[in-house]
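Here is the structure we will look at.
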Amino acid sequence: MQISEKQEVFKQIMGNYPTGVTIITTTNENRVPVGLTVNSFASVSLDPLLLLWSIDHRSSSLKAFTECGKFAVHVLAQEQQELCKTFASKHDDRFSTCNWKLSNNGLPIIDGAFGVFECETFKAIEAGDHTILIGEVVDLRVDIEKDPMLYHRRVFGAIPKEFYTSKQSV
């Protein structure tokens, strides 16, 4: 199989892996808020609390995320689909489309997320055409009245009710 074929199969498999969806935010050198939609997000450690995500080297906000030293991860709520699309687009002023404020840690926090992790950059690792950013969680919050968004096959939505009625448990 040629490399281009392998890349297409890779994308097909990854696109069929259900994930949650996040918006990651920080500020640039002028303290202007920067953010993008990300689904390459995972937990790393409980002691200390660490998480990771990755950013494409072609991203216009790469410099802000690799130089700021801190970032916030917003685990989106199911009703934030339009916001998710906006932060995934080339929209110039993404923050004009939502309510947000700077936290005590100096990070842009978007209203309405299911959960938010505020992190200090623990480590940045270059890996292929992306940089993996590992963050140490310094603050976090959750809105248990909300449900998180699900992403599968390029579709955003709620977790199906049938998921919770299954008799299987771990």
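The values are calculated or read from the model by the stated rules, or taken from the named source; none is laboratory data. As the structure is a prediction and not an experimental result, all values here were calculated from the model. We place every Cβ from the backbone using ideal geometry, glycine too, and count neighbours over all the protein chains shown. Heavy atoms of the whole protein, side chains included, go into the accessibility calculation; ligands, DNA and RNA do not. Shrake-Rupley method; radii C 1.70, N 1.55, O 1.52, S 1.80 Å.
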Just to be sure I understand, how many residues within segment 4-27 are polar (S, T, N, Q), under 28 Å from ARG94 (Cβ atoms) and either open to solvent by 70 Å² or more (accessible area, probe 1.4 Å) or modelled with pLDDT of 95 or more (or both)? 4
Flagged in segment 41-54 as without any contact (Cβ under 8 Å) to a residue 60 or more places away in the chain and either among the hydrophobic types (A, V, I, L, M, F, W, C) or closer than 12 Å to VAL73 by Cβ (or both), in numbering order, are PHE41, ALA42, SER43, LEU46
With the structure loaded, tell me whether LEU76 is under 14 Å from TYR151 (Cβ atoms), in contact with a Pro (Cβ under 8 Å, 6 or more places away or on another chain), buried (at least 21 other Cβ atoms within 10 Å of the Cβ) and touching a residue at least 60 places away in the same chain (Cβ under 8 Å) or whether it fails that test. yes
